[in-house]
């Protein structure tokens, strides 16, 4: 059965074997005469993750939505001197795919979201608006004195778990939430969106090591690899490459994906959730025009 | 002065007791558990002890995450090294209004042999500047246990500052102090000695010496520096000719600063600060000699009292 699941879902057999014990504990499989069978709950989950969802999540509508939200972002930030507009634009599709998979399609089990690149809060706000989590009137008040919408993300007004704005701190917080979930035996995942510029901060690498040392496979980090930071191209300011190899060396499973392809983004996130192998997951979302 | 239970032993033992009562209490360490003695908690509750390695900034972030998820994280390391995560404490914990407790050991000059890199004389100043942060400096072992319990029973961030070992007794038992309430240990009408930490015991000794000279000195343990017990300080300023503020901290921004800010606005009063005079520490083979080197001694406090009285 594990071999069949492996073929169906493209997950490695060794990973499935590793997870078999956990699946049994979760009541998703049962063992009869040394043969593993799906329970009714397990069958339900496999159906949800079957071809429709896993291989072809229907996110085609997001393409036109993304264009509309981009226009909205430009309009929204115009009165505040285009506040970090490019940083918001580059991660808009990441946030859109995440919230679609989480809130609209119910394919992702998101327990907490952290926007480590807190200055991209406007992108989060316009996407939240699409899902009815903010109204247009609130959206327009961003950065006004007395508005609950701060220019850098804060809990309460938005769906983030912790206030950010000072770079390099989000992954540590994600680790803390993930540890608490493990202590209490809770399921689900902590998502954290990082900028590529903030990888200059030493704390990110402290946290990268903490996540793998503690086996936090319930942490999914996504790097908005737009190749730019405040002063110029990332590789000119401070080298980030070889990015994939660095994170792998820190004990992470790393996937690379086109950061503007909603379907590929969502599929990568679903796969990251399925792969409970004791290793934290990183998605490098390429959003920059040219790779360095 | 007899040597009794150290600050860190008192803290660690009380922490284990609290761990039995609070299932959500989690201790976060940055590779100093054997020095802070939180190793006792780690042994008793291994699944509620988080080791992040030598990474203080990450440690504070992890604690913030634990608090977001409903646990009550207690972060413990040397006071000096917690300061490198000041910005994380300010931006994640305080700005997020998170229920994270910080217990900083080896504060002041108490890490005498390790020298100035380890001797922390600025922490009260920078922690008290953080919005919503409570700052607590216990005088001895029993009050450390009481104030730890109080700190865990209030919501929001608390910074507790402890010395390393030397903790001469001020209180006979736990429960004689209460978070937020300054403790008058001795009444007096000429001067008031307001102190925190290990300096409270020194102040009591100094008051005895002053008594022999016919000077009546009040002694107050101001263990909670933020929020400051304003009523108690104002009362002392009305009832005496001036205040001597004694702390094992820089004279810039600590308890002396807090009291000076209050009295300058509400009731200008003569104050003499007894503390480290805007300098770093230095190595010493024993603690008391180092304190004495910086004027933190019974004689130093007596001198300060005379300064106030001789001016009148």
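The set of residues in the stretch A:153-189 that are part of a helix (DSSP H, G or I), in contact with a helix residue (DSSP H, G or I) (Cβ under 9 Å, 6 or more places away or on another chain) and facing chain B (nearest Cβ under 7 Å) comprises A:172, A:173, A:174, A:175, A:176, A:177, A:179, A:180, A:183. Within the stretch A:219-236, residues that are free of Cβ contacts under 8 Å to residues at least 40 places away in the same chain reach partners that are assigned to a loop (DSSP other than H, G, I, E, B) with beta carbons closer than 8 Å, at six or more positions or on different chains, in the pairs A:229/A:196.
Rundown of residues vs (1) in a loop (DSSP other than H, G, I, E, B); (2) out of contact with any helix residue (DSSP H, G or I) (no Cβ under 7 Å at 6 or more places or on another chain); (3) modelled with pLDDT of 95 or more, yes/no style:
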{"site": "A:111", "(1), (2), (3)": "no, no, yes"}
{"site": "A:124", "(1), (2), (3)": "no, no, yes"}
{"site": "A:128", "(1), (2), (3)": "no, yes, yes"}
{"site": "A:137", "(1), (2), (3)": "no, yes, no"}
{"site": "A:143", "(1), (2), (3)": "yes, no, no"}
{"site": "A:146", "(1), (2), (3)": "yes, yes, no"}
{"site": "A:151", "(1), (2), (3)": "yes, no, no"}
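Can you find a residue that is within 14 Å of chain B (Cβ to nearest Cβ) and part of a loop (DSSP other than H, G, I, E, B) anywhere in the stretch A:190-201? Yes; the residues of the stretch A:190-201 include at least one that is within 14 Å of chain B (Cβ to nearest Cβ) and part of a loop (DSSP other than H, G, I, E, B).
Residues in the stretch B:15-38 that are crowded, with 20+ Cβ neighbours inside 10 Å, in a loop (DSSP other than H, G, I, E, B), away from every other protein chain (no Cβ under 14 Å) and touching a strand residue (DSSP E or B) at 6+ places or on another chain (Cβ under 7 Å): B:38 only.
Within the stretch B:39-77, the residues that satisfy the criterion of being touching a strand residue (DSSP E or B) at 6+ places or on another chain (Cβ under 6 Å) and not in a helix (DSSP H, G or I) are B:49, B:50, B:51, B:71, B:72, B:73, B:74, B:75, B:76.
The values are calculated or read from the model by the stated rules, or taken from the named source; none is laboratory data. Because the structure is predicted, anything quoted here is derived from the model rather than measured. Note that each Cβ is placed from the backbone with ideal geometry, even for glycine, and that neighbours are counted across all protein chains shown.
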